[in-house]
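The values are calculated or read from the model by the stated rules, or taken from the named source; none is laboratory data. Everything numeric here is computed off the predicted structure, so don't read it as measured data. Cβ placement follows ideal geometry from the backbone for every residue including glycine, while neighbour counts extend to all protein chains displayed. Side chains are part of the model used for accessible areas, which takes the heavy atoms of the whole protein and leaves out ligands, DNA and RNA. Shrake-Rupley method; radii C 1.70, N 1.55, O 1.52, S 1.80 Å.
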Amino acid sequence: MQSRNAGGDDVLLDVLDLETHFYGEDGVVPALGGISFQIRSGETLGVVGESGCGKSVTALSILRLLPKLSAKTVGGEIRFRGRDLLKLSEPEMRLIRGDRIAMIFQEPMTSLNPVHTVGDQIAEAVQIHTKASRSEAMARAQEMLRLVRIADPERRVNNYPYEMSGGMRQRVMIAMALACTPELLIADEPTTALDVTIQAQILRLILELKQRMGTAVMLITHDLGVVAETCQRAVVMYAGRIVEQATVRDLFARPTHPYTQGLMRSAPDPRRGRQRRLPEIPGIVPSLREPIAGCSFAPRCPYAISICHEKTPSLRDVGPDHAAACWRSEEVVGA
Amino acid sequence: MVAYIIRRFVSAITVMVMVGVFIFLLLRLSPGDPAAVIAGDSAPPELIAGIRQQLGLGDPLPIQFVLWAKSILSGNFGTSIFTGRPVLQLVLQRLEPTISLSVLTIIFSSATGIAFGTLAAWRAGALVDRALSAFAALAFSVPVFVVGYLLIYCFAISKHWLPVQGYEPVEHGLATWFAHLILPTVTLGLGYIALIARITRASMLEVLAEDYMRTAAAKGASSFSMLFHHALKNAGVPILTVIGLGFAYLISGVVITETVFNIPGVGRLTVDAINNRDYPVIQGVLILASGLYVMINLVVDLSYTLIDPRIRY
Ligand SMILES: Nc1ncnc2c1ncn2[C@@H]1O[C@H](COP(=O)(O)OP(=O)(O)OP(=O)(O)O)[C@@H](O)[C@H]1O
Ligand SMILES: [Mg+2]
């Protein structure tokens with residue numbers, strides 16, 4: 001088993017065997033098949049994986065923001081500073097959302113309410129979680145806009161989202177998320193929808209503010225390059241499971257899961273700039289609808305032997321603060 | 001914005017002219033001698049001649065129309081054949097009960113309809129939602145007079161909680177005024193509530209699935225704030241539209257409700273005028289009601305800008 005106390009005691013978020021299912025017309029989809037990972041105070045954890053592997057579902061499960069009718073977290077624990085979020089009442093959970101755990105979404109164009117000014121929307125977060133008066137909250141909103149480097153914040157607080165560009169709206173989302181100085185910021189592909197020229201700026205802004213506020217960040221991304229540049233540790237997901245987790249240095253030096261290796265082998269040439277999407281690995285991503293026997297990566301895996309098709313490997317320590325879910329990790333690393 | 005208002009005004013005037021032509025022709029093109037039609041079956045020839053004189057029926061149609069329109073624009077809607085009093089005066093006298101009933105109904109139905117629709121959308125698929133849908137279907141299909149007599153039977157005859165019928169002006173005291181209007185308001189409002197609730201539910205369902213609703217939840221907003229602060233304003237344009245369009249439904253409902261509850265309002269005036277073939281009164285009421293309808297919808301269109309900042313004219 002993977003050791004639970006790896007790397008110290010300052011664990012902010014401890015996710016244990018988290019299982020989330022979707023209920024569709026054609027049956028149950030186990031979007032998360034029991035994932036475990038930790039985030040320590042102040043660190044940046046990268047979460048990578050191909051589209052549909054469950055990154056967003058993980059984020060939404062933590063904040064309990066899954067669509068009520070079609071999804072449910074059916075098992076596991078989400079310990080935030082020792083308290084299991086899954087056991088909290090809805091009002092208790094509301095006190096945590098936006099105040100102690102905040103989230104930035106992928107789509108800045110549609111994630112702001114079109115009929116309220118951006119100032120109102122930032123101030124609202126402040127007023128929900130503090131006793132601030134409206135004018136104090138608006139002052140805070142202006143201060144946050146300045147912090148995320150929106151020019152002319154005095155005027156911009158009164159803007160509606162449609163009066164702003166995508167990059168500016170994402171800055172507003174960041175301002176809103178950080179207005180109550182949360183302990184954890186979940187950023188779900190915060191730059192994917194933006195212009196390439198703006199992506200780096202937004203990323204740098206998040207990291208700078210995180211540093212200043214001491215916030216831990218769970219950075220969901222398609223981009224291994226971003227993980228290498230910005231994160232201390234990383235989690236690699238495949239088909240609703242974590243297949244490898246390690247410090248970023250270790251992950252790049254000694255990728256131990258064939259899937260991680262595949263991702264890196266086809267990683268973009270740094271001289272040609274960063275790639276937006278993860279590179280293609282031969283084969284297709286398995287459908288979560290049909291139950292998978294054995295390792296879900298086995299059909300695409302060059303190392304697969306018979307056990308891989310029969311039994312699902314669990315995460316095992318392969319080094320200090322480094323775990324992989326692979327029956328053949330020794331051979332994989334040695335190769 | 002100013003240009004838009006002017007444009008809307010011009011189109012409103014065009015609509016009114018068309019309504020005017022229609023109402024004008026309604027009488028003149030009906031088979032037979034309009035004067036005889038107006039005067040009724042066993043009218044003496046002198047009366048028919050007098051009416052012919054009053055309507056200027058000897059002139060060519062276009063001239064008749066211009067003269068007719070001119071007098072209406074100067075506030076002269078003609079005189080009632082039955083009572084011999086100016087039509088405008090008759091309508092103004094009957095205005096208070098009708099306005100009381102309409103305004104109360106709009107307030108009551110909008111509040112109830114929006115609340116029901118919001119609740120149904122929030123609990124979509126659940127028992128409350130299905131119960132409300134069933135209620136809406138029923139409320140929309142049962143005729144106004146059936147509802148009216150049923151309510152009178154239950155609340156005024158079986159239990160003597162509310163007056164059976166009639167109207168008390170405001171100056172006789174707010175409490176009696178209100179007591180007399182409760183049953184008529186519920187009667188008239190039921191279908192309107194169903195209409196508003198349906199549109200609210202559909203519009204809210206769409207809005208609740210939007211990304212910004214998840215953002216609001218991620219901030220820690222309460223369900224109440226999510227529904228009424230974040231969602232309702234976004235769902236508002238179709239709701240406001242149906243409230244405006246439903247006004248036509250309200251106008252026809254007022255006539256029936258006033259008859260059922262014996263309220264001496266413009267609706268009753270109209271029914272009486274039709275029974276008496278009092279054409280000048282019918283014409284006057286038709287013109288005033290159409291004018292009101294056109295104006296309400298103009299106000300509704302302009303108020304879109306208040307709820308959605310992206311709408312600019
Ligand atoms: N609304 C939904 N209804 C049904 N199934 C869903 C829904 N949302 C997600 N899923 C299931 O959960 C899986 C994981 O989805 P998720 O959105 O977490 O992927 P992701 O890793 O965030 O992908 P992307 O990189 O494209 O954002 C999907 O493959 C799908 O099977
Ligand atoms: Mg996603």
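Data for the structure
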item	result
Only listed residue being out of contact with any Pro (no Cβ under 9 Å at 6 or more places or on another chain), more than 16 Å from ligand 2 (Cβ to nearest atom) and β-branched (Val, Ile, Thr), chosen from A:VAL172, A:VAL157	A:VAL157
Failed criterion for A:ARG171 (all others in (1) buried (at least 19 other Cβ atoms within 10 Å of the Cβ); (2) not in a helix (DSSP H, G or I) hold)	(2)
Verdict on A:GLU90 being closer than 24 Å to A:THR247 by Cα and either surrounded by fewer than 20 Cβ atoms within 10 Å (Cβ to Cβ) or within 14 Å of ligand 2 (Cβ to nearest atom) (or both)	no
Matching helices (runs of 4 or more DSSP H) fully within the range B:229-313 where at least 3 residues are closer than 30 Å to A:GLU124 by Cα, open to solvent by less than 40 Å² (accessible area, probe 1.4 Å) and out of contact with any Cys (no Cβ under 9 Å at 6 or more places or on another chain)	B:232-260, B:279-307
Failed criterion for A:PRO161 (all others in (1) free of Cβ contacts under 8 Å to residues at least 40 places away in the same chain; (2) over 17 Å from A:ALA187 (Cβ atoms) hold)	(1)
Close pairs (6 angstrom Cβ cut-off, 6 or more residues apart or separate chains): within 14 Å of another protein chain (Cβ to nearest Cβ) in the range A:22-48, in a loop (DSSP other than H, G, I, E, B) and within 9 Å of ligand 1 (Cβ to nearest atom) anywhere	A:TYR23/A:SER70
Which listed residue is within 25 Å of A:VAL126 (Cα to Cα), surrounded by fewer than 18 Cβ atoms within 10 Å (Cβ to Cβ), in contact (Cβ under 8 Å) with a residue 40 or more places away in the chain and within 14 Å of chain B (Cβ to nearest Cβ), from A:MET103, A:MET109	A:MET109
Every pair of residues 6+ apart whose Cβ atoms lie under 6 Å, when the first sits in the range A:180-194 and is free of Cβ contacts under 8 Å to residues at least 60 places away in the same chain while the second is more than 15 Å from ligand 2 (Cβ to nearest atom) and β-branched (Val, Ile, Thr)	A:THR191/A:ILE202
For A:VAL29: the one exception among (1) among the β-branched types (Val, Ile, Thr); (2) out of contact with any Leu (no Cβ under 9 Å at 6 or more places or on another chain); (3) surrounded by fewer than 22 Cβ atoms within 10 Å (Cβ to Cβ)	(2)
Qualifying residues in the range B:164-197 (those that are outside any helix (DSSP H, G or I) and in contact with a Phe, Trp or Tyr (Cβ under 9 Å, 6 or more places away or on another chain)) - the one least open to solvent (accessible area, probe 1.4 Å)	B:GLY166
Scope the range A:36-56; condition within 16 Å of ligand 2 (Cβ to nearest atom), surrounded by fewer than 24 Cβ atoms within 10 Å (Cβ to Cβ) and at positive phi; matching residues	A:GLY52
Among (1) at the interface with another protein chain (Cβ under 10 Å from one of its Cβ atoms); (2) part of a helix (DSSP H, G or I); (3) at pLDDT 95 or above, the one test that B:ALA221 misses	(2)
Positions within the range B:181-218 being within 14 Å of chain A (Cβ to nearest Cβ), without any contact (Cβ under 8 Å) to a residue 60 or more places away in the chain and not hydroxyl-bearing (Ser, Thr, Tyr), in sequence order	B:GLU206, B:VAL207, B:ALA209, B:GLU210, B:ASP211, B:MET213, B:ARG214, B:ALA216, B:ALA217, B:ALA218
Index of the failed condition, A:GLN142 passing every other in (1) within 11 Å of another protein chain (Cβ to nearest Cβ); (2) within 17 Å of A:MET173 (Cβ to Cβ); (3) open to solvent by 40 Å² or more (accessible area, probe 1.4 Å); (4) more than 16 Å from ligand 2 (Cβ to nearest atom)	(1)
Candidate set from the range A:82-100 (those that are in contact (Cβ under 8 Å) with a residue 60 or more places away in the chain and at the interface with chain B (Cβ under 8 Å from one of its Cβ atoms)); member that is farthest from A:THR58 (Cα to Cα)	A:ASP99
When residues of the range A:185-197 are limited to those that are of a type in the set (Val, Ile, Thr) and closer than 14 Å to A:GLN106 by Cβ, the one least open to solvent (accessible area, probe 1.4 Å)	A:ILE186
The range A:112-130: number of residues that are within 23 Å of B:ASN234 (Cα to Cα), of a type outside the set (A, V, I, L, M) and more than 7 Å from chain B (Cβ to nearest Cβ)	6
Answer residue from the range A:231-265, given it is of a type in the set (S, T, N, Q) and over 16 Å from A:LEU219 (Cα atoms) and is surrounded by the fewest Cβ atoms within 10 Å (Cβ to Cβ) among those	A:GLN261
Answer residue from the range A:94-134, given it is away from ligand 1 (no atom under 16 Å from the Cβ) and of a type in the set (Asp, Glu) and is farthest from B:ALA217 (Cα to Cα) among those	A:ASP120
A:ALA31 in contact with an Asp or Glu (Cβ under 6 Å, 6 or more places away or on another chain) and within 14 Å of ligand 2 (Cβ to nearest atom)	no
Any hit, the range A:195-218, residues being part of a strand (DSSP E or B) and either away from ligand 2 (no atom under 16 Å from the Cβ) or away from chain B (no Cβ under 14 Å) (or both)	yes
Test for A:ARG79: is it within 14 Å of chain B (Cβ to nearest Cβ) and either modelled with pLDDT of 95 or more or open to solvent by less than 10 Å² (accessible area, probe 1.4 Å) (or both)	no
Search result, residues across the range A:148-168 that are within 14 Å of another protein chain (Cβ to nearest Cβ) and part of a helix (DSSP H, G or I)	A:PRO161, A:TYR162, A:GLU163, A:GLY166
Flag for A:ASP10 being more than 16 Å from ligand 1 (Cβ to nearest atom) and on the phi > 0 side of the Ramachandran plot	no
Pick from the range A:57-71, criterion at pLDDT 95 or above and not aliphatic (A, V, I, L, M), ranking: farthest from ligand 2 (Cβ to nearest atom)	A:ARG64
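Residue-wise test of (1) assigned to a loop (DSSP other than H, G, I, E, B); (2) touching a Gly at 6+ places or on another chain (Cβ under 6 Å); (3) near ligand 1 (Cβ under 10 Å from one of its atoms).
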{"residue": "A:GLY34", "(1), (2), (3)": "no, no, no"}
{"residue": "A:SER51", "(1), (2), (3)": "yes, no, yes"}
{"residue": "A:LEU60", "(1), (2), (3)": "no, no, yes"}
{"residue": "A:PRO67", "(1), (2), (3)": "yes, no, yes"}
{"residue": "A:GLY75", "(1), (2), (3)": "no, no, no"}
{"residue": "A:GLU92", "(1), (2), (3)": "no, no, no"}
